[in-house]
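Peer 1: One structure is given below, represented as structure tokens, and several questions about it will come after.
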Amino acid sequence: MAAADRDVLALSGGVGGAKLALGLADVLPAGLLHVLVNTGDDFDHLGLHISPDIDTLVYTLAGRANRALGWGLEGETWKALSALEELGGDTWFKLGDRDLAMHLWRTRQLAGGMSLSAFTAGKARRLGIDSHIHPMSDDAVRTTVSTDRGDLPFQHYFVKDQCEPAVTGFSFEGISAAAPNHEVMRLLEQNALGRIVICPSNPFVSVDPILQLPGLSQALCESQAPVVVISPIVGGMALKGPAAKMMAELGMGVTALEVARHYCNHYPGLMDYFVIDETDATLEAAIRELGVNVAVAPIVMRDRADKQELARFTLNLARAD
């Protein structure tokens, strides 16, 4: 089977990764895209199971995402949150009225014994999505951010504290006992994938939780499909989120080179190609010295056409071998 006719696996966090995932879904034949999504950001809030990165992918691929915010639903209202505030409840995590339906139903279904994978697949179908969205694991993994204010659950750091504390490290509670997504492992074991793409998501809190699941990074390395990583850093700035701030606080240079070095040091042999923006073309030689093939392209996705263009570039690059 030709690479062009085979399934594609994308690894993604939330908003930044969802942009490229949408481009990939647009340019690939229906049903060929699989997205393995970080669930280290999941948490329980107000008695509800919240899966922020999964929901961002679902809303984006369904054409329902709030385009201004990048997360949540377009046309959302906030009456329940306002009423909760009047009662003195916690309102630091913004739950819209329509978004609440997702959390209520997921919590009910999970409590009844349904897996997160089964729930996610079902809701994607109901929303008309023909791509496959896979939680990275059906087992609980929870990201903790170590900071100068102590260890903080990820959403406390990211949303409640607005990423203000200085970061000193990260840990993933439950990861050593968590099983990677069964369907994705099956695709890897059967060599059913033509290309693997790591979207421009935060390497520390979006991609590392996925790659550190037992056996997953090894399976990716052993796959015959080329692995393409898109840099989330352009010109010393993060495409989305706190990745640049984290890198600076960890004593790293805030460059695409340091992102490439992170992947090479932690997951040797994983990357076949590393894609950097034209702004960072001067880093190409230094990245090649790490033993990685480098490609240069416009990777800032301002609109849907940009998403599609980067998707085509990535897929064509991965066919080069």
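The values are calculated or read from the model by the stated rules, or taken from the named source; none is laboratory data. Since the structure is predicted, the reported quantities are computational estimates derived from the model, not experimental observations. Methodologically, a virtual Cβ is constructed for each residue, glycine included, from the backbone with ideal geometry; neighbour enumeration extends over all protein chains shown. What goes into the accessible areas is simple: the full protein's heavy atoms, side chains included, and nothing from ligands, DNA or RNA. Shrake-Rupley method; radii C 1.70, N 1.55, O 1.52, S 1.80 Å.
Peer 1: Take the conditions assigned to a helix (DSSP H, G or I) and open to solvent by less than 10 Å² (accessible area, probe 1.4 Å) and apply them to LEU9. Does it pass? Please lay out each step first, then the result.
Peer 2: Numbers: assigned to a helix (DSSP H, G or I): no; open to solvent by less than 10 Å² (accessible area, probe 1.4 Å): yes.
Judged against the criteria, LEU9 is not a match.
Peer 1: Same structure again: From the list PRO214, PRO209, exactly one residue is in a helix (DSSP H, G or I) and either out of contact with any strand residue (DSSP E or B) (no Cβ under 7 Å at 6 or more places or on another chain) or over 16 Å from LEU9 (Cα atoms) (or both). Which is it?
Peer 2: Values: PRO214 fails: in a helix (DSSP H, G or I).
The unique qualifying residue is PRO209.
Peer 1: Considering only residues that are touching a residue at least 40 places away in the same chain (Cβ under 8 Å), within 14 Å of PRO52 (Cα to Cα) and part of a loop (DSSP other than H, G, I, E, B), which ones fall in segment 95-139?
Peer 2: Listed by number, the residues that qualify are LEU95, MET136.
Peer 1: Given the conditions (1) within 24 Å of LEU36 (Cβ to Cβ); (2) open to solvent by less than 50 Å² (accessible area, probe 1.4 Å); (3) free of Cβ contacts under 8 Å to residues at least 12 places away in the same chain, and given that ALA83 satisfies all but one, which numbered condition is not satisfied?
Peer 2: Looking at each condition in turn, ALA83 falls short on (1).
Peer 1: With respect to ASN202, determine if the residue is closer than 20 Å to ALA18 by Cβ and touching a helix residue (DSSP H, G or I) at 6+ places or on another chain (Cβ under 6 Å). Break it down stepwise before answering.
Peer 2: Details: closer than 20 Å to ALA18 by Cβ: yes; touching a helix residue (DSSP H, G or I) at 6+ places or on another chain (Cβ under 6 Å): yes.
Considered against the rule, which asks whether it is closer than 20 Å to ALA18 by Cβ and touching a helix residue (DSSP H, G or I) at 6+ places or on another chain (Cβ under 6 Å), ASN202 comes out as yes.
Peer 1: Which of the residues spanning segment 15-33 are within 20 Å of LEU211 (Cα to Cα) and open to solvent by less than 10 Å² (accessible area, probe 1.4 Å)?
Peer 2: Matches in segment 15-33: GLY17, ALA18, LEU20, ALA21, LEU33.
Peer 1: Could you list, in sequence order, the residues of segment 146-193 that are crowded, with 19+ Cβ neighbours inside 10 Å and part of a helix (DSSP H, G or I)?
Peer 2: Of everything in segment 146-193, those that are crowded, with 19+ Cβ neighbours inside 10 Å and part of a helix (DSSP H, G or I) turn out to be PHE154, GLN155, TYR157, PHE158, ILE175, VAL184, LEU187, LEU188.
Peer 1: When you go through PHE43, PHE119 one by one, which is the residue that is under 24 Å from LEU216 (Cα atoms) and surrounded by 22 or more Cβ atoms within 10 Å (Cβ to Cβ)?
Peer 2: Values: PHE43 fails: surrounded by 22 or more Cβ atoms within 10 Å (Cβ to Cβ).
It is PHE119.
Peer 1: Continuing with this model, one more query. Condition test on LYS240, is it outside any helix (DSSP H, G or I) and charged (D, E, K, R)?
Peer 2: Working: outside any helix (DSSP H, G or I): yes; charged (D, E, K, R): yes.
Yes, satisfied.
Peer 1: Here are the criteria: (1) surrounded by 15 or more Cβ atoms within 10 Å (Cβ to Cβ); (2) within 19 Å of the chain's Cα centre (by Cα). Tell me which single one SER223 does not satisfy.
Peer 2: Among (1) surrounded by 15 or more Cβ atoms within 10 Å (Cβ to Cβ); (2) within 19 Å of the chain's Cα centre (by Cα), SER223 violates only (2).
Peer 1: If I go through segment 296-319 residue by residue, how many of them are open to solvent by less than 10 Å² (accessible area, probe 1.4 Å) and over 21 Å from the mean Cα position of the chain (by Cα)? Talk me through it step by step, then tell me what you get.
Peer 2: Of all residues in segment 296-319, those open to solvent by less than 10 Å² (accessible area, probe 1.4 Å) come to 297, 299, 310-311, 314-315, 318.
Adding the requirement that they be over 21 Å from the mean Cα position of the chain (by Cα) leaves none.
Result for segment 296-319: 0.
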